[in-house]
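Asks: Before I ask anything, let me first share the structure, which is written out below as structure tokens.
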Amino acid sequence: MNSKLLTLQNISKKFDDTEVLKNINLDIYNGEFLTLLGPSGCGKTTILRLIGGFDSVTSGDIIMNEKNINSLPPEKRETNTVFQSYALFPHMTIYDNIAFGLKMKKTPKDKIDIEVKNVLEMVKLVEHKDKKPSELSGGQQQRVAIARAIVNKPKILLLDESLSALDYKLRKEMQIELKSLQRKLGITFLFVTHDQEEALSMSDRIVVMNNGNIEQIGTPKEIYEEPKSLFVAKFIGEANTFICKLIGLKNERAKIEYQNKIFDLKCTKELTKECVLLIRPEDFRVEKNFDDVKSDNYFTGELQDVIYKGTTIDLLITMEDGNILRASEFYNEDSDALLYEIGQKLYLYWVEGWEVLLSHE
């Protein structure tokens, strides 16, 4: 892990009588791509605005390079922000948009020219430097907004849902470009999104937020495969959940009961008497014949629907208690192994260790 760049210590924020952040503690490191992820209204954009200096904290401290910056105005902080709307100056050329911040700092003209040309090359917009923002596509405008921010060489770049206005294909392309640019620059990126797939594909670490609190901080792999709460498990990707009864917990083994069937699974955490078994759709293996089931960990159900997704298919399977499972399989058009009939009986099994056990919230 790189050195610490910025720390939020016991940060709370109220708007009138509404507490939108509740005692937030977070360390942000030099050169990392950190994403704040959560549903609308969870407080992630508020954190961004507090760091950028656009709002003030109700209580707590923001420490940057071991200095308290609570009272510093936005222009005095070593941060720059790329807003969702891009906020480009429509009457200025792309060159002048990017140069604006440097001109405000009274940077010498020859140095401005060098710095602007450097970032134009970096974001692949050299040939567009004399155009106005209205002459560019959404993706190109987004690059201009990023170029205008990074030309000032901030210690931390704040991005507030800056890809959300783009169409799906362009957003995917920009995710790759943005991550590549961050690695090239070595600048800390703090990215806000409510898109789980976006967070998983771009981030070094993810901060999952809910209702003004931090639910979990971890790498994308940790967040997806080892969720600390049911909220995190359900918010990140697809999840099949089963409310079970805890029969016993001993020697890092948990005995749980679901649908009158006992499962004996590895468990290293304390569980409540009513607990949750969580299995990702891709972790199920689906068989048409019971003799092909290769584990004691299995469910039985009836196929309700098949959803074709190109490279994968999703099977919706109704269990005896009415619970609907989702199982994902890679689709091979040349194989008849994935030919299913609505209403047929199926067996779903998983290998021990692919499941997650959580206390019921």
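The values are calculated or read from the model by the stated rules, or taken from the named source; none is laboratory data. Since this is a predicted model, take the numbers as computed values, not measurements. Quick reminder, even Gly has a Cβ in these numbers, built from the backbone with ideal geometry, and neighbours come from all protein chains shown.
Asks: Pick from the stretch 46-84 the residues that are of a type in the set (Ser, Thr, Tyr) and surrounded by fewer than 22 Cβ atoms within 10 Å (Cβ to Cβ): which of them is farthest from Gly139 (Cα to Cα)?
Replies: Just the residues of the stretch 46-84 that are of a type in the set (Ser, Thr, Tyr), to begin with: 46, 56, 58-59, 71, 79, 81.
With the extra rule that they be surrounded by fewer than 22 Cβ atoms within 10 Å (Cβ to Cβ), the set shrinks to 56, 58-59, 71.
Numbers: Ser56: 32, Thr58: 36, Ser59: 38, Ser71: 35 Å.
My answer is Ser59.
Asks: Can you tell me which of Glu226, Glu198, Glu222 is in the same structural domain as Leu178 (by TED's automatic domain parsing) and either buried (at least 19 other Cβ atoms within 10 Å of the Cβ) or of a type in the set (Phe, Trp, Tyr) (or both)?
Replies: On the way: Glu226 fails: either buried (at least 19 other Cβ atoms within 10 Å of the Cβ) or of a type in the set (Phe, Trp, Tyr) (or both); Glu222 fails: either buried (at least 19 other Cβ atoms within 10 Å of the Cβ) or of a type in the set (Phe, Trp, Tyr) (or both).
Matching residue, one of Glu226, Glu198, Glu222: Glu198.
Asks: Which residues, taken from the stretch 264-303, are in contact with a strand residue (DSSP E or B) (Cβ under 7 Å, 6 or more places away or on another chain) and in a helix (DSSP H, G or I)?
Replies: Passing the criteria: Pro281, Glu282, Phe290.
Asks: Evaluate the following for Thr193: is it in the same structural domain as Gly31 (by TED's automatic domain parsing) and touching a Lys or Arg at 6+ places or on another chain (Cβ under 7 Å)? Working first, answer last.
Replies: Working: in the same structural domain as Gly31 (by TED's automatic domain parsing): yes; touching a Lys or Arg at 6+ places or on another chain (Cβ under 7 Å): no.
Against the criterion (in the same structural domain as Gly31 (by TED's automatic domain parsing) and touching a Lys or Arg at 6+ places or on another chain (Cβ under 7 Å)), Thr193 does not qualify.
Asks: Restricted to the stretch 315-337, and to residues that are more than 25 Å from Phe263 (Cα to Cα) and not hydrophobic (A, V, I, L, M, F, W, C), which residue is nearest to the chain's Cα centre (by Cα)? Write out each step before concluding.
Replies: Taking the stretch 315-337 first, the residues more than 25 Å from Phe263 (Cα to Cα) are 330-337.
Right, trim to not hydrophobic (A, V, I, L, M, F, W, C) and you get 331-336.
Values: Tyr331: 27, Asn332: 30, Glu333: 32, Asp334: 35, Ser335: 35, Asp336: 36 Å.
Among those residues, the one meeting the criterion is Tyr331.
Asks: Okay, next question. Just checking, how many residues over the stretch 1-29 are without any contact (Cβ under 8 Å) to a residue 24 or more places away in the chain, assigned to a strand (DSSP E or B) and farther than 19 Å from Ile69 by Cα? Talk me through it step by step, then tell me what you get.
Replies: Keep residues of the stretch 1-29 that are without any contact (Cβ under 8 Å) to a residue 24 or more places away in the chain, which gives 15-18, 27.
With the extra rule that they be assigned to a strand (DSSP E or B), the set shrinks to 15, 18, 27.
Those still in the list that are farther than 19 Å from Ile69 by Cα too: 15, 18.
Of the residues in that region, 2 qualify.
Asks: Separate question: What helices (runs of 4 or more DSSP H) lie completely within the stretch 180-263 and have 2 or more residues being under 12 Å from the mean Cα position of the chain (by Cα), within 20 Å of Gly353 (Cβ to Cβ) and modelled with pLDDT of 90 or more? Break it down stepwise before answering.
Replies: On the way: elements: 196-202, 220-225, 230-235.
Per the criteria, 220-225.
Asks: Now for a different question. In the stretch 201-219, which residue that is in contact (Cβ under 8 Å) with a residue 40 or more places away in the chain and polar (S, T, N, Q) is surrounded by the most Cβ atoms within 10 Å (Cβ to Cβ)?
Replies: Ser203
Asks: Also, I was wondering about something else. Which ranges mark the strands (runs of 3 or more DSSP E) fully within the stretch 306-361 that have 1 or more residues being in contact with a Cys (Cβ under 9 Å, 6 or more places away or on another chain)?
Replies: Values: elements: 312-319, 324-330, 345-349, 356-359.
Here the list reads 356-359.
Asks: Here is a follow-up. I'd like to verify a number: residues in the stretch 195-238 that are over 23 Å from Arg183 (Cβ atoms) and among the polar types (S, T, N, Q), how many? Talk me through it step by step, then tell me what you get.
Replies: Here is the first cut: in the stretch 195-238, the residues over 23 Å from Arg183 (Cβ atoms) are 208-216, 225-238.
The next check asks that each one be among the polar types (S, T, N, Q); those that pass are 210-211, 213, 216, 229.
Number of matching residues: 5.
Asks: Right, Lys22: within 27 Å of the chain's Cα centre (by Cα) and of a type in the set (Lys, Arg) or not?
Replies: Working: within 27 Å of the chain's Cα centre (by Cα): yes; of a type in the set (Lys, Arg): yes.
So Lys22 fits the description; yes.
Asks: Continuing with the same structure: Name the single residue, out of those in the stretch 338-347 being crowded, with 17+ Cβ neighbours inside 10 Å and over 33 Å from the mean Cα position of the chain (by Cα), that is nearest to Phe290 (Cα to Cα). Explain how you work it out, then say what you get.
Replies: In the first step, residues of the stretch 338-347 are kept if they are crowded, with 17+ Cβ neighbours inside 10 Å; the result is 340, 346-347.
Now narrow it down to the ones that are over 33 Å from the mean Cα position of the chain (by Cα): 340, 346.
Details: Tyr340: 15, Leu346: 8 Å.
Taking the candidates together, the pick is Leu346.
Asks: Looking at the stretch 297-328, which of the residues that are surrounded by fewer than 17 Cβ atoms within 10 Å (Cβ to Cβ) and polar (S, T, N, Q) is farthest from Asp264 (Cα to Cα)?
Replies: Checked the stretch 297-328; the qualifying residue farthest from Asp264 (Cα to Cα) is Thr311.
Asks: I've got another one for you. If you go through the stretch 94-151, how many residues are touching a residue at least 24 places away in the same chain (Cβ under 8 Å) and acidic (Asp, Glu)?
Replies: Summing the residues that are touching a residue at least 24 places away in the same chain (Cβ under 8 Å) and acidic (Asp, Glu) in the stretch 94-151 gives 2.
Asks: Tell me whether the stretch 156-177 contains one or more residues that are in the same structural domain as Ile206 (by TED's automatic domain parsing), in contact with a strand residue (DSSP E or B) (Cβ under 7 Å, 6 or more places away or on another chain), β-branched (Val, Ile, Thr) and surrounded by 21 or more Cβ atoms within 10 Å (Cβ to Cβ).
Replies: Here is the first cut: in the stretch 156-177, the residues in the same structural domain as Ile206 (by TED's automatic domain parsing) are 156-177.
Applying the additional criterion that residues be in contact with a strand residue (DSSP E or B) (Cβ under 7 Å, 6 or more places away or on another chain) yields 156-162.
From what is left, the residues that are β-branched (Val, Ile, Thr) are 156.
Filter again for surrounded by 21 or more Cβ atoms within 10 Å (Cβ to Cβ), leaving 156.
Yes, because at least one residue in the stretch 156-177 is in the same structural domain as Ile206 (by TED's automatic domain parsing), in contact with a strand residue (DSSP E or B) (Cβ under 7 Å, 6 or more places away or on another chain), β-branched (Val, Ile, Thr) and surrounded by 21 or more Cβ atoms within 10 Å (Cβ to Cβ).
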